[in-house]
Amino acid sequence: MIGDRAFSNVLPDWLKLPHAERGNRIGLFGGSFNPPHSGHRLVAETAMKRLDLDQVWWLVSPGNPLKDHSELEPQEQRIRTVERLSDHPGMRVTGHEAVLGTSYTAETLACILARRPRAQFVWIMGADNLATFHRWQNWRAIASAVPIAVVDRPGASLSVMSAPFARVYARHRIDETDAVTLPGLKPPAWVFLRTRLDDTSSTNLRKLRRK
């Protein structure tokens, strides 16, 4: 059986799991990014700054199980576009989920935590995903695995109070003035980060592309 390190050496760079030093504070930002846009970049930048992260890993999924794949661009193409968009020394882009053979966040997190046990991880999501988070496979396991940072998105602010996740984990929410402490907290723990809003969306960009 080929070892993890030897196996990693034969992978193209875009499929490898990024390097992490002991104690690194790392945000995991997952999605199909079909296509990636300035709103995604704002979410990543906001989390990196407000949580004082060393790195943000963009986890470009082979395909979101909750979304239609008929207009899904090839994973490598989306990764190259994300690399151009992110363009920051602390941001890494990977399609490692394709190697793991899963598109489910709970399984991806379990694998990453096992492979990088000495880093401190936070899951990053835009607030527009919060309303459907309870539909994700094993969503409670995600909340129990890592702290979660929810970054505001246009039209999504009210979901912070009304979403099933927000109600179930209301007492585990910290004030955004304490956001910098989130990576070191034992999950479940989460924060809602307000920021300027960018109304760019992948859905609208795909509509424009079709036209």
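The values are calculated or read from the model by the stated rules, or taken from the named source; none is laboratory data. The model shown is predicted, which means the values in this text are computed figures rather than measured ones. Reconstructed Cβ throughout: ideal geometry from the backbone, glycine too, with neighbour counts over all protein chains shown. These accessible areas exclude ligands, DNA and RNA; they are computed on the full protein's heavy atoms, side chains included. Shrake-Rupley method; radii C 1.70, N 1.55, O 1.52, S 1.80 Å.
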All positions within the range 46-61 that are in contact (Cβ under 8 Å) with a residue 24 or more places away in the chain and not in a strand (DSSP E or B): 46, 47, 48, 50, 51, 52, 53, 54, 61
Residue count, the range 116-135 (criterion: under 18 Å from residue 58 (Cβ atoms), at pLDDT below 95 and touching a Leu at 6+ places or on another chain (Cβ under 8 Å)): 0
Count of the range 11-45 residues which are open to solvent by less than 30 Å² (accessible area, probe 1.4 Å), in a helix (DSSP H, G or I) and within 24 Å of residue 200 (Cβ to Cβ): 4
